[in-house]
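The values are calculated or read from the model by the stated rules, or taken from the named source; none is laboratory data. Here the structure is a predicted model, which means the values were calculated and not measured. Using ideal geometry, Cβ is built from the backbone for each residue, glycine included, and neighbour counts are taken over all protein chains shown. When the accessible area is computed, the model is the full protein with side chains, heavy atoms only, and any ligands, DNA or RNA have been set aside. Shrake-Rupley method; radii C 1.70, N 1.55, O 1.52, S 1.80 Å.
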Amino acid sequence: VGMATEVLDVVDTAVKIGLGALISGVATYYVTKLKDAEEVAQDNRRRRLEFIANGLDAAEEYINALGNLFSALDGLRMDHPNAKTIKETGESDFLEKHDNALRDTILQRSRAYSRLRLSGQTKAAEQLDKLHELEDEIRLRVIFQDELPSTEALKGWYDRIREARETLLGELSKTYQA
């Protein structure tokens, strides 16, 4: 009976050690797995935010060029209050430089739109669509129809640019604060 008790004690101790090691191994595995998953999630979030930031940079370049074209038109309107056409102002070359600068940023607008859409920033990307529509409207009237817009038309365009920009930034701000 003495030897049987010793064998049982050894088996009991071995089972306890084995179970302890198994529990420790399983716990270590799951903790490591959770830590790795958290690191992957953090890395994915960091990459997404970088992607969005790159989209924002491209959008800002485009928005600034659109704003500069608008400012040039506003300046022409103030300098030539009675003019109806760009030709009447004698500043066609000046305006063409701003139009060319805007057209040079069209790729940036497209890049920003794609990056924002791919990163799930649908509402922000929609604001770039609105600005694109406004750009088409401005260029049609000013560049192709030679119209110097009225003060009221300029105010409406300014409000649309400001609203789209603020909405875009507000949407992106939500992502950065989350």
Evaluated at 25 °C with a viscosity of 0.890 mPa s, what Stokes-Einstein diffusion coefficient in µm²/s does segment 85-135 have when Rh comes from the Kirkwood expression over alpha-carbon pairs?
-> 196 µm²/s
Nearest 20 debye, what's the magnitude of the dipole of the chain about its Cα centre given +1 on Lys and Arg Cβ and -1 on Asp and Glu Cβ?
-> 280 debye
Segment 136-178 and segment 1-35: distance between their alpha carbon centers, rounded to Å = 70 Å
Kindly state, as a whole number, the per residue volume in cubic angstrom of the convex hull around the alpha carbon atoms of the chain.
-> 105 Å³
Can you tell me the relative contact order of the chain? Whole percent, Cα pairs under 8 Å, sequence separation 6 or more.
-> 27 percent
Probe 1.4 Å, heavy atoms of protein chains only: per residue, the accessible area of the chain in Å² is 64 Å²
Name the long-range amide H neighbours of Glu147: under 5 Å, sequence gap of 5 or more, or other chain; modelled H, no Pro or chain starts.
-> Ile86, Val142
Filter the cross-link list Lys84/Lys155; Lys87/Lys155; Lys130/Lys174; Lys97/Lys155; Lys87/Lys130 down to pairs whose alpha-carbon distance in this structure exceeds 24 Å.
-> Lys87/Lys130
How much length is gained if the chain between Asn64 and Ile23 is pulled fully straight, taking 0.36 nm per residue apart and subtracting their Cα-Cα distance, in nm to one decimal?
-> 8.7 nm
Could you calculate the contour length gain from Arg117 to Tyr158, that is, 0.36 nm times the residue separation minus the distance between their Cα atoms, to one decimal place in nm?
-> 12.3 nm
Considering the Cα trace of segment 1-101, what is its radius of gyration and what is Dmax, both in angstroms?
-> 37.3, 119
Using Cα atoms only, what is the angle between the long axis of helix 151-177 and the major principal axis of the chain, expressed in degrees (0 to 90) to the nearest 10?
-> 10 degrees
Relative to the longest principal axis of the chain, what angle (0 to 90°, nearest 10) does the C-alpha long axis of helix 2-79 take?
-> 0 degrees
In nm², the average projected area of the convex hull spanned by the Cα atoms of segment 55-97 is 3.1 nm²
In degrees between 0 and 90, to the nearest 10, how far off the longest principal axis of the chain does helix 92-103 point, with axes built from Cα atoms?
-> 20 degrees
Mean shadow of segment 139-178, computed from the convex hull of its alpha carbons, in nm²?
-> 3.3 nm²
